[in-house]
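Down below is the structure, laid out as structure tokens.
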Amino acid sequence: MARSRSAGAGLLVVGLGTLAAPLDTSVNIAFPSITSAFALEVQDIRWVVIAYVLTYSSLMLVFGKLGDLWGYARIFRLGLLVSAVGFVGCGLAPTYGLLLIGRMLQGVGIALVLSCGPALATSLYGESERVRALGAYAAITAVGSALGPLIGGILVEWWGWAAVFWFRAPLVVVALALSGRIAPTVPQHGARRGFDALGALLLVVWMSALLLAFAIPAGVFGPSAPLVLGTLGMIGLAAFLVREARHPEPIIRPSLFRDADFAVLNAASIAVNFAAFSVLLLVPYYLVRIVGLETGLGGLVLALSASGTVLGAWLAGRLARHVRSGLIALTGIVLNVCGLGAISLWGQDTGFAVIAATLSAQGFGAGLFQVAYTDRVTATLPPEDRGVAGSLTMVTRTIGVVSAATGLSAAFRAFEASALSAGAGVPEAFLAGFQLTFLWVAVGLALFLVVSLLRLRTWLYAA
């Protein structure tokens, strides 16, 4: 009982420190204030997102490996410290350039935290309680995502844009102060293993290039920029794979992806997060433009999706003792397909009950899938690579979100423009673009599911 209480207290500390990452959704609500404060063009605000996301996503696997070698608690604590400096730096930034530097520093800190957060959470419990710990960890993350816009709106109104950064500094400082009492010791095998510095550099290069190719709008650095970045990313990826296949202690073993079941699961994570991002991207506009809700009330409605994710993640942790994780993940994908398909049917007269139920079901499916997927990746990699396992789940999630931010925006604009050219009014054209985007997202995810079902072992027989 004492050990259980200690593990629970440790998980709360890890969750408190990790909350800084999902609470970054509070920054979005501050975009208009930041644009005004630094006299920016609207399109320039994208670099606040790119500087942060590009930094943490390209570094997570590297830091996860360092956690496996040097100890998860050590990397986690360092991340809390760097994050605190990054938050304060962003909040005090006198120029836009310094704000972006602060965002990059914040990205480094969050990469350190997220790379070892799942591994640290599971290390507090025995293997039999692994999925339950992952479920609780995912639920805490979903709570942060839901609260971010609500807290951010209040802070911006009361204290201005800088508050969405500095309010998170006390969270990580408190977590840092508490972490020393409950964190596990450094893994004994770490001292005997080496670190592939060149492989880490190649990993950062190819991931940065590919993610930047997806993230920047066409024409920002010239029409050939995405092609050049994409080519650089593919060359870097090829070099990374060759290096890792030959190195005795790779960042991540390329041979893992020769297992079709493992490859399908990671592809599913990218596909699910790509599809699910459509909710965050387009539903807020629907709630304001079509339903006519105030921004604050729209945020509360949108939070139903994240609330569903909290419940799904919690339930997945409880079901894992009785239901195969592959089947839980499959159920989560099916619920996402159904939820996104139902959203494509929303119209001008759709009732609140239908909207609420649809968002909750989609979020519930996302929570089921994320926990089951993370558990399968964690179980596939050896225990000494738990940091890499947790980081991989975050990387696939980021790839899905970043590619969706560009791809789904372009698809929506194309559908909306087609409706306008056909003579539809502005509200009708928006609704047509909204419905078609969600329809094709649901169809695409369903097609992925049908194809992946050819690997029945991935879903029905995964323990």
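The values are calculated or read from the model by the stated rules, or taken from the named source; none is laboratory data. Predicted model only: the values in this text are computed from it and were never measured. Cβ: placed from backbone, ideal geometry, glycine included. Neighbour counts: every protein chain shown.
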Among the residues of the stretch 312-334, count how many are at pLDDT 85 or above, surrounded by 17 or more Cβ atoms within 10 Å (Cβ to Cβ) and in contact with a Gly (Cβ under 9 Å, 6 or more places away or on another chain). 8
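Condition check: within 14 Å of Thr18 (Cα to Cα) and either touching a Phe, Trp or Tyr at 6+ places or on another chain (Cβ under 7 Å) or among the hydrophobic types (A, V, I, L, M, F, W, C) (or both). Does Val164 satisfy that? Steps first, please.
Details: within 14 Å of Thr18 (Cα to Cα): no; either touching a Phe, Trp or Tyr at 6+ places or on another chain (Cβ under 7 Å) or among the hydrophobic types (A, V, I, L, M, F, W, C) (or both): yes.
Taking the combined requirement at face value, the residue does not satisfy it.
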When you check Leu431 against the structure, is it over 30 Å from Asp259 (Cβ atoms), in contact (Cβ under 8 Å) with a residue 60 or more places away in the chain, surrounded by 17 or more Cβ atoms within 10 Å (Cβ to Cβ) and in the same structural domain as Phe277 (by TED's automatic domain parsing), yes or no? yes
Filter result (of a type in the set (Gly, Ala, Ser) and over 21 Å from the mean Cα position of the chain (by Cα)) within the stretch 297-334: Gly298, Ala320
Evaluate the following for Ala389: is it closer than 30 Å to Gln348 by Cα, within 23 Å of the chain's Cα centre (by Cα) and part of a helix (DSSP H, G or I)? no
Gln370 being surrounded by 16 or more Cβ atoms within 10 Å (Cβ to Cβ) and closer than 20 Å to Leu453 by Cα: yes
From the set of residues in the stretch 288-305 that are modelled with pLDDT of 85 or more and part of a helix (DSSP H, G or I), which is surrounded by the most Cβ atoms within 10 Å (Cβ to Cβ)? Ser305
Out of (1) touching a Leu at 6+ places or on another chain (Cβ under 8 Å); (2) closer than 20 Å to Ala9 by Cβ, the one Ser128 does not meet is (1)
Scanning the stretch 257-287 for residues that are closer than 24 Å to Leu345 by Cα, among the β-branched types (Val, Ile, Thr) and at pLDDT 90 or above gives Val272
Ser418 being farther than 22 Å from Pro284 by Cβ, touching a Ser or Thr at 6+ places or on another chain (Cβ under 9 Å) and at pLDDT 85 or above: no
Residues (under 18 Å from Thr398 (Cβ atoms) and hydrophobic (A, V, I, L, M, F, W, C)) located in the stretch 65-104: Met104
Given the criteria in a helix (DSSP H, G or I) and either at pLDDT 85 or above or among the polar types (S, T, N, Q) (or both), does Leu147 qualify? no
Taking only pairs six or more apart or across chains, which ones have beta-carbon atoms under 8 Å, a first residue in the stretch 412-425 that is closer than 14 Å to Trp440 by Cβ, and a second residue that is hydroxyl-bearing (Ser, Thr, Tyr)? Phe412/Thr437; Phe415/Thr437
